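Each remark here refers to the structure printed beneath this line.
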Ligand code: SF4
């Protein structure tokens with residue numbers, strides 16, 4: 001990769017990546033790929049800040065969809081304990097605990113094909129009350145139509161999560177109850193309603209390298225890019241059709257994180273499901289490759305939560321710190337926006353200088 005090409009990747013986000021270009025990135029020597037991803041990362045973000053979200057399942061199991069990776073699908077027998085929609089007070093209690101544990105965003109997920117109107121009333125109230133705590137709010141409720149998206153936006157929902165999961169070609173091997181274009185339509189609807197988009201995929205589902213490239217290509221086609229891009233490593237749950245699928249080499253996973261960082265330079269790339277199974281070294285490499293967001297997990301966070309404790313220890317070892325709550329750009333003062341732009345500009349200049357140094 002030439003310095004000019006590396007600098008071009010640090011510049012404005014692109015939506016026209018070709019598969020050949022993406023495959024070239026994947027094929028770079030590992031150190032070169034990570035160096036380029038670091039350059040892009042440092043041009044747009046504080047390289048040592050990690051956004052921390054907490055995920056709560058507000059309705060668990062018995063989902064009519066047949067996503068082959070998912071223990072919540074009603075099509076598979078995974079011994080999962082099903083739960084009806086949680087009461088609003090319980091959700092708010094958990095959101096408060098998440099905030100005290102350092103989360104800046106509270107994500108609520110329901111195993112639905114799409115929300116029913118009577119459920120939406122409760123969900124809107126959850127959004128209002130969680131937001132009133134000073135947390136960013138995110139929901140994943142399945143497919144939504146324009147009216148539902150507008151209602152969620154009016155309640156104050158900041159982000160809507162809806163993953164593309166995999167490439168268009170491989171998609172039919174994983175889900176048959178909704179189409180790829182259904183997913184794209186929901187993402188467009190969410191964007192039209194004015195919410196931020198969280199969308200990514202799952203790796204290690206038996207897909208090929210070309211599918212991983214094509215997934216990232218589809219995500220990059222979205223304009224604007226999703227603000228948040230979860231990259232999940234499949235968690236193989238007994239009882240699901242993917243329980244015995246071959247493991248993906250962790251270094252391939254790191255490559256995908258790095259390519260996502262380069263192609264989606266302004267998005268938060270989230271190290272998501274599968275993180276608990278990763279070694280500290282793999283997680284450290286993922287942060288180095290440009291991941292800058294994590295889930296603390298779907299359990300209530302308390303000081304006694306071993307996962308949260310392990311995360312805090314890993315942050316300390318790596319010198320990482322939680323990103324301060326990202327304010328809605330519209331809420332920022334002009335001075336704050338100018339200061340942020342100046343900071344980004346200065347960072348881009350420092351990185352460009354680094355690229356020139358490295359090329360001589
Ligand atoms: S729609 Fe969501 S909850 Fe339902 S099976 Fe698919 S991934 Fe699981």
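The values are calculated or read from the model by the stated rules, or taken from the named source; none is laboratory data. Since the structure is predicted, the reported quantities are computational estimates derived from the model, not experimental observations. All Cβ positions, glycine included, derive from the backbone under ideal geometry; neighbour counts span all protein chains shown.
The number of residues in segment 219-241 that are touching a residue at least 12 places away in the same chain (Cβ under 8 Å) and surrounded by fewer than 20 Cβ atoms within 10 Å (Cβ to Cβ) comes to 10. Residue 194 meets all of the listed conditions (1) farther than 24 Å from residue 145 by Cα; (2) assigned to a loop (DSSP other than H, G, I, E, B) but one, namely (1). The lone criterion from (1) away from the ligand (no atom under 14 Å from the Cβ); (2) under 30 Å from residue 317 (Cβ atoms); (3) touching a residue at least 40 places away in the same chain (Cβ under 8 Å) left unmet by residue 55 is number (1). For segment 292-319, a tally of residues being in contact with a helix residue (DSSP H, G or I) (Cβ under 9 Å, 6 or more places away or on another chain), in a helix (DSSP H, G or I) and at pLDDT below 80 returns 1. On inspection, residue 210 does not qualify as away from the ligand (no atom under 16 Å from the Cβ) and either in contact with a strand residue (DSSP E or B) (Cβ under 7 Å, 6 or more places away or on another chain) or without any contact (Cβ under 8 Å) to a residue 40 or more places away in the chain (or both).
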